[in-house]
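These notes are about the structure you will find just below.
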Amino acid sequence: SQGSIIRQLKKAKSAVAVSGRLLPEGNEAARMMALVPALRLGQHLQDGTELLPALQPGAVQVGLRGLFNASQLVEAGVKAQTFKGFQRGEIESQILEAMGQHAPPVVGDDSIDTASTATAASSAKDNAKYATKVAAGVAVGLAAGAATGGLALAAGASAVITTGAAGAATGMVAAKKVEEANLLHSKRHDQHFTQLRSMLSAAERFRDILRRARAGSCQESVSEHVVDDRVRMPSLPADVVRQFYFAQLAYEGDADRKQQELQRLFRIFGEDVTQSSSDSSSRAAGGKTAYVEPWFWHGQSVAGNEIVDHEPPKWYLALSPSGVLHVVIRGSAHMEDWLKNLNGKMESESSVSAQYARWDLGGRDMSFHQGFWTRTKEVIEEMEAALRSSCGSYLGKDVGSVTDAELEDYLRHKIGSRITAAEFTGHSLGGAVALILHRVWSNPTGKRFKVLRFMLERFMPESREAPMEQKKFLGKSKFKKIFPHEAIQTVAFSSPPLFAAKSDRVEALQEWLWNGQKRWKEEIEREELDQFQNAQVVFFNNDPVPRLAFLPTGDQLLHAPVRSVLWLRQESLQFDGMDGVATNMRTVYPIPPKVQRQYFSGVECLRRGVCIEDHLLATFEDFILKLAPKELRRGLRAVTTPTFYVSPQEFHERLIGADSSEFSLECDNNGNAAASASAAAPA
């Protein structure tokens, strides 16, 4: 009878609820699916479905996803045992190949291939690699399926369940490997984005053109457009050098010392040009007390004890006399920070999560890393409290009585009117939070980040129609594009990937992020590409943190489509006759999208001699400093170490050379070893 079936269903549901808590995600749904035939639902299946959430369409996907995650772990274990590492110079070679595809044509010079020749050769090679990758993916799928079936059989599953698990795992893993091949060999990646990511000087030349246009001169030297980045001496954009030191200062816990150092940095970087209102004093409302316009705000400092260490402030804001607002987030320095780092699930609160939610098709496509998002919320809450307190001081009233309207007016007119530009920066966890703030602060309907939006409302990105390079679907010739304000810039140092998605979607979503195509019902094309075109990531040598995407977990991390990813590359060399003294050879490589996926993501990249020390800012401060302008090096107290800088191509040639003693050395008047003049550092 119907009552009997319902009672059986309730008992089964209770039993599975208890056992399901002991099993990983997905097993409960699989077990319930196996129980359905035995319960003889018949015409009462609909009644049973209402009582069993596991039988809803989304739960079937959860069950398959759990099986898929288990297969991924099997695959990762096999790779960990068989992968022998990348060959010496392999990554650099792939970067140079990508750089060659976007190199400017050089007339009359046969030493470097033109972009068209390199692109044609690369296309043919890509086709061959794609076929090999797909075939290997199918083989991996078969192996993972067989292993999954073997595990199911060993666990006591029936032949039917074992066969089903093996078949499902085979298909899902093989499909995932095909998607990976599509990502690595896709021809649909946005060309402008790919070009910027494959060059070092494109952004600098673009800024030079803008500066000349503002000065009324559009004349440019022809030689400026034929410089091939592969043979160009390394340099760093001025904002990278500047923001490095502001990010480093976030670890200082003492507010007075931090403000003294900020004043010194303002002088060094030319931000001490005082505006008419920067140092002025005025009467507070009602004439009660003198009010000095603030320029520095910082987060709360938590005192430590015998068990827990002292926690320095998570963030600080510094408004320079010239009007540059520095939004700086501290990286990991406390146990609580590591708890945030390890919470890698998808969050469900941000505007990005809501924007890419498709509940009718299995839930959210993409959101932020839960731990990074939680830290972002903590930072903005503390920031609002500090600015509200500042507003109370200005109004001469208690902070609890400051209304939202008064706070908005204060932020817009007393602080926002003094801001001429804004720079977001941070290191490690702080870099991820800085990128999230960069992405969400301008949301016009959001309330959480209103304090930043009120202060920076003059720099809101614009949404406008832009012409397409070629007509697309139904002859459409225009699309909506976002234009970020040039006064907003973000540099994240050694930051981890910040987007998160389910493991069975990450490859397709990463390809979409780099393609710049519309997603679902979104009105704006190139949404994420446009939002991050004024952001960049910088990391040093074998830092493992930027390589944490695509690890075999339930929710995996994705790379944000930032305009530029710079790899500060260093190799320690030993020379004959130097009594064991090591010399550092250095250069700067751009990281193209496909190279980032293949060599800076997944389990394999973490087996390539990663170094935790390379993650620390102090480790590569000397690298940054020696590429700064000479006057900055004097002000920042450069350290003299045996180093020399070479072009990316020369670095690769010397790296794979058989004998480092072939390097030509000469000594200066002080007897210090130095590289030949052609490769000398700008020290």
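Values as computed for the structure displayed
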| read-out | value |
| --- | --- |
| Per-pair calculated FRET efficiency, R0 = 60 Å: Lys129 and Ser389 via Cβ, rounded to 0.05 | 0.55 |
| Probe 1.4 Å, protein heavy atoms only - accessible area per residue of region 336-465 in square angstrom | 39 Å² |
| Global form of region 320-411, assessed from the alpha-carbon gyration tensor, a/c cut-off 1.5 | prolate |
| Label-zone membership for region 363-383, site Glu349, 7 angstrom Cα→C-beta point, backbone N under 13 Å | 368-382 |
| Net dipole in debye of region 361-452 [+1 Lys, Arg Cβ; -1 Asp, Glu Cβ; about Cα centre; nearest 20] | 160 debye |
| Euclidean distance of C-alpha centroids, region 592-620 and region 475-515, integer Å | 20 Å |
| Links that overshoot a 20 Å alpha carbon limit, given the list Lys176/Lys594; Lys176/Lys502; Lys133/Lys502; Lys129/Lys187; Lys481/Lys502 | Lys133/Lys502; Lys481/Lys502 |
| For Leu566, residues with placed amide H under 5 Å, excluding near neighbours | Val537, Val538, Phe539 |
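The values are calculated or read from the model by the stated rules, or taken from the named source; none is laboratory data. The structure displayed is predicted, hence computed values, not measured ones. Note that we place each Cβ from the backbone using ideal geometry, even for glycine, and neighbour counts take in every protein chain shown. The accessibility values were calculated without ligands, DNA or RNA, using every heavy atom of the protein model including side chains. Shrake-Rupley method; radii C 1.70, N 1.55, O 1.52, S 1.80 Å.
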